[in-house]
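Report on the structure given below.
The values are calculated or read from the model by the stated rules, or taken from the named source; none is laboratory data. The model shown is predicted, which means the values in this text are computed figures rather than measured ones. Virtual Cβ from ideal backbone geometry, glycine too; neighbours counted across all protein chains shown. Ligands, DNA and RNA are excluded from the accessible area calculation, which covers all protein heavy atoms including side chains. Shrake-Rupley method; radii C 1.70, N 1.55, O 1.52, S 1.80 Å.
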Amino acid sequence: MAIHGGAGTILPYLMTPEKEANYRLGLSEALSIGSNILKNGGSSLDAVEAAVISLENFPLFNAGKGAVFTNKGTHEMDASIMCGLNLEAGAVSGVSNIKNPVSLARLIKEKSGHVFLAGSEAELFAKKCGLTFEDDAYFYTVERYKQWQDVKDSDTYQLDHTDKTEQGEKKFGTVGAVALDKQGNLAAATSTGGMTNKRFGRIGDTPMIGAGTYANNKTCAISCTGHGEFFIRAVVAYDISCLIEYKGMSLKEACDFVVKDKLVKFGGEGGLIAIDYFGNIELPFNSEGMYRAWQFEGKNPEVAIYK
Ligand code: ASP
């Protein structure tokens, strides 16, 4: 299993030891929740959902609690989930006050008869399913509020954040998980608050099946983080799956080509986590760092942040 908490200009000198320890804690907890499900014979779908819930509940990441502010000072969240066994998928965009958007994506997959729901109608569906709602205060964090204050009077939107005081730091705090279970099934899930100061109902790659999230037992499971507009146009997650399926590339070859060559030429900053049906894991990124953690069966968990 592998998880991520976003990519970007994540450099040791921009970090305090306390902050780094906190990020590591958030990643370790989420990974261990997901890995335990797999260890006990649970499904990859349950594992990725549980790991993403844990990351959504952790305020340092840009998903669920800690999601960035829109131009209107609200939180509009996107999420998706996909099952590699039957290619069933669920996705949601632009929802507010839902504690765990990834669980809404899963319910959409399983109970709505559709793949992708948006906005207030999606919230109605969540209510009907009995999902937990939280008030606006739950999603508020001081750091995200400051990031929004820095740009709210401009036309720019920010990639999670481009903090002027931190020398142009750029972070994409989206979260995601990919897993392979004992039955040989792959799954992927991704969740985000999108970009600070986003307007006009902007939606990134996170909820778009094939762009930010994809899983297919024949190939791999992928969850992306980065500048969503580029990831949408490059159809990143499905592209990697296609390179494996149609071109016979290995997971590593496909990931390196898309993230370190194609996306770089395109101008698309970010990274992704990937696992294939053999259990190989790749964690490529073309930014300075990516919050990530992974674990192979019977091995110790690993956490990394920088290059
Ligand atoms: N990919 C996300 C988006 O464009 C941002 C992120 O990865 O943090 O909405």
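For the reader, a short list of remarks on this structure follows.
- Excluding same-chain neighbours fewer than eight residues apart, the lysines reachable from residue 218 by a Cα-Cα span under 19 Å are 182, 247, 252.
- Computed from point charges on the beta carbon alone (+1 for Lys and Arg, -1 for Asp and Glu), the dipole magnitude for the chain about its Cα centre is near 200 Debye.
- Comparing 214, 138, 277 in a Gaussian network model of the chain (Cα springs below 10 Å), the most mobile by mean-square fluctuation is 138.
- With R₀ fixed at 30 Å, the C-beta to C-beta distance from residue 307 to residue 261 puts the FRET efficiency at about 0.95.
- Residues with amide H under 5 Å from that of residue 188, placed H, sequence gap 5 or more: 82, 84
- Euclidean distance of C-alpha centroids, segment 243-265 and segment 8-36, integer Å: 27
- Alpha carbon centroid spacing (whole Å) that separates segment 191-217 from segment 87-152: 12
- Comparing 197, 217, 36 in a Gaussian network model of the chain (Cα springs below 10 Å), the most mobile by mean-square fluctuation is 36.
- Shape call, segment 1-80: gyration tensor on alpha carbons, a/c limit 1.5: oblate
- Within segment 201-307, percent of DSSP bridges classed antiparallel, to nearest 5: 95
- Of the residues 60, 263, the one with the largest accessible area comes first in the ranking 60, 263, computed with a 1.4 Å probe on protein heavy atoms.
- Cα shape, segment 1-136, gyration tensor, a/c 1.5 rule: oblate
- Computed [θ] at 222 nm, helices only, for the chain once each DSSP H run of length n ≥ 4 contributes -39500 (n - 2.57): -9000 deg cm²/dmol
- Reach of residue 198 by Cα under 14 Å, taken over aspartates and glutamates that are not fewer than 8 positions away in the same chain: 76, 78, 150, 153, 155, 160, 229
- If R0 is 30 Å, the Cβ-Cβ spacing of residue 18 and residue 140 corresponds to a FRET efficiency of close to 0.90.
- Accessible area (Å², 1.4 Å probe, nearest 10) - residue 264: 80
- Lysine pairs within segment 1-133, Cα separation less than 19 Å, 8 or more sequence positions apart or different chains: 11
- The chain - percent relative contact order, Cα under 8 Å, separation 6 or more: 25
- Relative protection proxy for 223-230, 75-82, 200-207, 90-97, from highest mean packing down: 75-82, 223-230, 90-97, 200-207 (other beta-carbon atoms within 10 angstrom).
- Length released on extending from residue 11 to residue 246, taking residue separation times 0.36 nm less the Cα-Cα span: 80.9 nm
- The translational diffusion coefficient of the chain, from Stokes-Einstein at 37 °C and 0.692 mPa s with a Kirkwood hydrodynamic radius over alpha carbon pairs, comes to 178 µm²/s.
- Sequence-distant contacts, meaning Cα pairs under 8 Å at least 6 residues apart, place the relative contact order of segment 70-111 at 39 percent.
- Most fluctuating residue given options 295, 183, 147, as computed from a GNM of the chain linking Cα atoms under 10 Å: 183
- Convex hull volume per residue for segment 176-215, taking Cα atoms only, in Å³: 54
- Using a Förster distance of 35 Å, the FRET efficiency for residue 97-residue 28 (Cβ separation, nearest 0.05): 0.80
- Normalised convex hull volume, segment 236-307, alpha-carbon set, Å³ per residue: 81
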